[in-house]
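The values are calculated or read from the model by the stated rules, or taken from the named source; none is laboratory data. Just so we're clear, the structure is a prediction, and the values are computed from it rather than from any experiment. Because the Cβ atoms are built from the backbone with ideal geometry, glycine has one as well, and the counts that use them run over all protein chains shown. Calculation scope for accessible area: heavy atoms of the full protein, side chains included, ligands and nucleic acids excluded. Shrake-Rupley method; radii C 1.70, N 1.55, O 1.52, S 1.80 Å.
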Amino acid sequence: MSEAVSHEDHHDDHDHKPTGIKRWLFSTNHKDIGTMYLVFALIMFFVGGAMAMVIRAELFQPGLQYVDPQFFNSMTTVHALVMIFGALMPAGVGLANWMIPMMIGAPDMAMPRMNNMSFWILPFAATLLIATFFMEGGAPAGGWTMYPPLVLQTGDAFPFLIFAVHFLGISSIMGAINIIATVFNMRAPGMTFMKLPLFVWTWIITAFLLIASMPVLAGAVTMLLTDKFFGTAFFNAAGGGDPVLFQHVFWFFGHPEVYILVLPSFGIISQIIPTFARKPLFGYESMVYATASIAFLSFFVWAHHMFTVGMPLTGELFFMYATMSIAVPTGVKIFNWTATMWKGSMTFETPMLFAIGVLFMFSIGGFSGLMMGITPVDFQYHDTYFIVAHFHYVIVPGIIYGVIGGVYFWLPKWTGNMYDEKLGKLHFWISTISVNVLFFPQHFLGLAGMPRRIPDYNIQFAEWNMISSIGGFVFGLSQLILVWVVIKCVRGGEKATDQVWEGAQGLEWTLSSPPPFHSFTVPPQVTDASAHS
Amino acid sequence: MFVKKLRNFIRGASIPALLLWAGSAFAEYGLNLTRGVTPISREVYDLHMIILYVVTVIGIAVFGVMIWSIFHHRKSKGAVAAQFHHSTAAEITWTIIPIIILVVLAIPATKTLIKMEETGDAEITLKVTGYQWKWKYDYLEDDISFFSSLDERSNSIRKGESEESPEDYENYLLEVDNPVVLPINTKVRILTTAADVIHAWWVPALGWKRDAIPGFINDNWTYIEEPGIYRGQCAELCGRDHGFMPIVLNAVTKEEYEAWKIEMKNKPAEIDGEKLYATHCSACHQSNGQGLPPAFPALAGSPIATGPLAEHLDIVLKGKAGTAMLAYGPQLSNEELAAIITYERNAWGNDTGDEITADDVQAAR
C-alpha cells in the first residue's frame, strides 16, 4: 500500500486543473465538487438557521411581536425545506464525494461530469425556492410537508416550490447513482464489500433509499401541480380524490428520507469512534446488516407520521408494530458503538466529542420516537412540540453533529493543516449546552398541550418558550465558531501528518495531507481487513 | 411601546428564574401529559407513563455504561485498548431483550387502541366541522348548530388593538365565543370533518386528537366523567390563523345539558352584521376592513364592496377559486349573509347606502 502512495505523490505535479472560476464551474474533480457541496450546505445551514432565529424570536414571549402569522408559517415551511434539501442532504453528498473515492482506493467518482451537474443544479433550485419570498402571496406557508388542500392556497410561489423540489430531487438521484456506480465499479483490488469502511456502506444504502424514494416525492408534487393548474382531482374529495392519499404518498418518501439523512451520520461516527478508541469497530457485520434492515423497514412505517388521519384499526396496528420493530436494529447500532468504546484507549479530540454527542442525544430522540410509535399515545403527542423536540433531537445533535464531527475529523486531511483544537472544543461545548436548552424544554411544551406551527400562545407556555429561544439564539451564534475554525484551518496551522490521528486506519489516511488532486491513480492493493477501521 | 416590551421582557425573564428555584414548579406548570377526564385518556396517560419509565431505565443503563467507559477507558488514565471486535452472545442478548420489551409494551397499547376505535352505542352524536379559522358544531339528534371562534378579548389582544397584553388574560387564545357543551357520563360520538383544508380537533383532556378532513368523516368517541371546562386547539396547520381557532368544551351534568339544549333551541337567531363580520370575515379582511394585502384584499373602498351588488353577492356566496376566499353560501343563512354584506357596503367609509335583504341573497343563489 505504501508503494502505491509514494507512487501517487510523484503524480501530484502532473495535475492539469483549470484556474479561477473555471476550476469550480466546470469541475469534474471529486474533491472540488465535494468542497462546493460542503460550502453550499454551510451557506444553506445559515440561511435556514436565520429563519429558525425568526421563529424563536417570535415565540420568545406570548403576543405577536415581529412577524405576521402568514410570514411565520412561511418561516417554518422554508426553514424545513432549506435545512433538509439545502443543508443536510448536500452536506452528506459533499462528504461522500470527498471521502468515498479515497476510502475505496479510486482516482475519482465514476461519473465526474454528472457529478458536476448534480451539484450545479442545487444553487438554481435554492434560488427558485428563496425567490418565492418576493412573490405575490408570499413564500410557501403550508408546511414543508405540502399537505393539500392547504398548499393549493399558495400564491404565485406554488409552481416555484414544486419545481424547486423537482430539481433538488433530480440532483439527489444523480448523486446517488454516481455513488452506487463508484462503489460498485471502482473499488481497489482486494477491497471486497465486507471490507468497505462503514461510511461507504451507509452511503450505498442511503443511495438506494434515494433512488427508491425521491421519484415518489416527485410524483406526489407533480400531482399537486396538476391538481392546481390542470384540473385533476387526485387530492380533492369533491372530484373523487382524497387529500389523505397525498399524505400516504408523501410519507412513503418522507420516512426513508429520515434515514437518507441519518445513515451517513451513522457512517461518520462509525469511522470516528474506533479511531479515537484505538480499537476496531465492534460488530462490523452486524452494523452492516442493522443499517440494511433499518433501510428496508423504513419503507413499511410511513403511516406513523399520520396516525391521526383516521386509518382502519388493522392499519394502525400494523404501522405501530412495524414502527416499534425499527427500535431493534437501531438499538443494535447504539450498543455496538458503546461496545467499541468499551475497554478502548480513548482520547477526546473534537470529532470524538461530536460523535459521543450523537450517541447520547440521538438516543434521546430515539426514546421519544419509541414513545410516539405507540399509536394510542401518539394521538396525544401528534403535531405538538413533543414532536418538534423529537425530530430536532434526531436531526440537530443526531445528524448535524455527525456531519460536523466528520468535518473536524477530515479537515486536517483535506487542508493539510490541523484545526484549532481549543476552538473546536469550545464549539462543541457551547453547542451541546445550548442545543439542550433549546430543544429539551420543547418536550414539556408539547406534553402540556402546545401545538406545533403556531406563532402565538397562551401565558402557560411562556416560560419554556423563552428558555428555548435563549438556547436557540446561543446555538445559532455558536455555529459561527465552526466557520471561524474552518477558515483558520484552510489558511494555515500546524501541519498534519498523513495519518492525522493516531488510531486512524483505512486507505484515505495513507494518502498525503492534503491528498493529491486525483486520489489513487494507481489502485492500492488491499490485503487485510484493516481497510476498515 | 419599547418600555412596555422591556418591562415584559424583564418580568418574563424573572418568572422562569424564580420557577427553576421553586420546588412547586412541577405541580403548577404543565411538564407532563394531562391525565384527562375520560377512561380512555387515563389509559393513554398510563401508557405514556409506562413507556416513559421504560425508556428512562434503558437510558440510565445505556448512558451509564457509556459514561463509565468514557471515564475509565481513556488513554490519559493509561488504558490500553483491547482488540475484541465481536461477541455473538452479547449481540444476541441485545437483540432479544429489546424485542421482549417491545412485545410487552405492544400488548397494552393494542388493547387501548382497540377500545378507542369502538364508536358504537353512542347516545349523542356531535359533528365537528373545521373552517378557516373556526369550528362548527352540529348536534345531529337535536338539530342544534353553531359556530365557535376565538373570543373578542383574545382577538383584540393578538391584533394589538387592546390595551391588555397576553399576560393579563389567563385564557388568552384558549377562549371562544360559543363553547361546545356536552353532558358527563354519556357516550358521545364525535364526527370530525372540514369545509376547506385539513384541521385537527384536539382537547387534551379527552386523550386524543383527530384530523378533520374535507370530504371525509372520521368517527371518534368520548365519555367524560368530570364536569368542567376543557380547552384545546387546532392541531393541524390550516393557514394563517391556525394558532387562533381554539376549542372550549364545557362538560356539564345531564340535567344542565338538557336545560342548555332547550335554551339553544329557543334562542332567537341574533343577526348583527358587524358581529357576524367579526366572526366570519375579520380574520382575513380585518376588523378595520383594511385586509392584509396581497393575500387578503382590503374591503374598505374596494371595487367589489363599493361596486355592483351582484359581484359582491357572487364572491361571498361562491367564494373565489384558488384563494383562501371560501364560499359562504352553504355556511350561512340568507338573513346572515344579507346582514354581513349590508355591513360591508356601509362600514369604513364605503357608505354605499345599500340595504340588502334576504330575498336579494336568495335571488343570487
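Considering (1) open to solvent by 70 Å² or more (accessible area, probe 1.4 Å); (2) within 10 Å of chain A (Cβ to nearest Cβ); (3) in a helix (DSSP H, G or I), the lone condition that B:Val54 does not fulfil carries the number (1). When the test is whether a residue is among the basic types (Lys, Arg), crowded, with 18+ Cβ neighbours inside 10 Å and out of contact with any strand residue (DSSP E or B) (no Cβ under 7 Å at 6 or more places or on another chain), B:Arg345 passes it.
Checked against (1) open to solvent by 10 Å² or more (accessible area, probe 1.4 Å); (2) within 11 Å of chain B (Cβ to nearest Cβ); (3) over 25 Å from B:Val104 (Cβ atoms); (4) touching a helix residue (DSSP H, G or I) at 6+ places or on another chain (Cβ under 6 Å), A:Leu370 passes all but a single condition, namely (3).
With respect to B:Asp272, determine if the residue is within 14 Å of another protein chain (Cβ to nearest Cβ) and either surrounded by fewer than 21 Cβ atoms within 10 Å (Cβ to Cβ) or touching a Ser or Thr at 6+ places or on another chain (Cβ under 6 Å) (or both).
Criteria not met by B:Asp272.
Evaluate the following for A:Lys343: is it touching a His at 6+ places or on another chain (Cβ under 6 Å) and surrounded by fewer than 24 Cβ atoms within 10 Å (Cβ to Cβ)? For A:Lys343, the condition - touching a His at 6+ places or on another chain (Cβ under 6 Å) and surrounded by fewer than 24 Cβ atoms within 10 Å (Cβ to Cβ) - is met. Take A:Val183 and decide whether it is surrounded by 21 or more Cβ atoms within 10 Å (Cβ to Cβ), of a type in the set (Val, Ile, Thr), under 23 Å from the mean Cα position of the chain (by Cα) and over 30 Å from A:Thr275 (Cβ atoms). Considered against the rule, which asks whether it is surrounded by 21 or more Cβ atoms within 10 Å (Cβ to Cβ), of a type in the set (Val, Ile, Thr), under 23 Å from the mean Cα position of the chain (by Cα) and over 30 Å from A:Thr275 (Cβ atoms), A:Val183 comes out as no. Against the condition touching a helix residue (DSSP H, G or I) at 6+ places or on another chain (Cβ under 6 Å) and either within 9 Å of chain B (Cβ to nearest Cβ) or open to solvent by less than 10 Å² (accessible area, probe 1.4 Å) (or both), how does A:Phe439 come out, does it pass? For A:Phe439, the condition - touching a helix residue (DSSP H, G or I) at 6+ places or on another chain (Cβ under 6 Å) and either within 9 Å of chain B (Cβ to nearest Cβ) or open to solvent by less than 10 Å² (accessible area, probe 1.4 Å) (or both) - is not met. Against the condition among the small types (Gly, Ala, Ser), open to solvent by 40 Å² or more (accessible area, probe 1.4 Å), farther than 30 Å from A:Val309 by Cβ and without any contact (Cβ under 8 Å) to a residue 12 or more places away in the chain, how does B:Ala89 come out, does it pass? The answer is yes for B:Ala89. Checked against the criterion of being surrounded by fewer than 23 Cβ atoms within 10 Å (Cβ to Cβ), under 22 Å from B:His73 (Cα atoms) and hydrophobic (A, V, I, L, M, F, W, C), the candidates A:Phe319, A:Phe348 yield just one match: A:Phe348.
Name the residues in region B:80-104 that are over 30 Å from A:Ala277 (Cα atoms) and at the interface with another protein chain (Cβ under 7 Å from one of its Cβ atoms), would you?
Step one: of region B:80-104, the residues over 30 Å from A:Ala277 (Cα atoms) are B:100-104.
If the condition is that a residue be over 30 Å from A:Ala277 (Cα atoms) and at the interface with another protein chain (Cβ under 7 Å from one of its Cβ atoms), then B:Leu102 is the only one that fits.
Taking region A:272-304 as the search range and keeping residues that are away from every other protein chain (no Cβ under 12 Å) and touching a Gly at 6+ places or on another chain (Cβ under 7 Å), which one is most open to solvent (accessible area, probe 1.4 Å)?
A:Trp302
Per the conditions (1) among the hydrophobic types (A, V, I, L, M, F, W, C); (2) out of contact with any helix residue (DSSP H, G or I) (no Cβ under 9 Å at 6 or more places or on another chain); (3) open to solvent by less than 10 Å² (accessible area, probe 1.4 Å); (4) farther than 30 Å from A:Gln153 by Cα, the sole criterion not satisfied by B:Ile224 is (2). Restricting the search to helices (runs of 4 or more DSSP H) fully inside region A:35-147 and requiring at least 3 residues that are more than 14 Å from chain B (Cβ to nearest Cβ) and either farther than 22 Å from A:Ala218 by Cβ or open to solvent by less than 20 Å² (accessible area, probe 1.4 Å) (or both) gives A:89-104, A:112-131. Residues of region B:288-322 that are assigned to a loop (DSSP other than H, G, I, E, B), open to solvent by 50 Å² or more (accessible area, probe 1.4 Å) and modelled with pLDDT of 80 or more: B:Asn288, B:Gln290, B:Pro297, B:Gly301, B:Pro308, B:Lys320.
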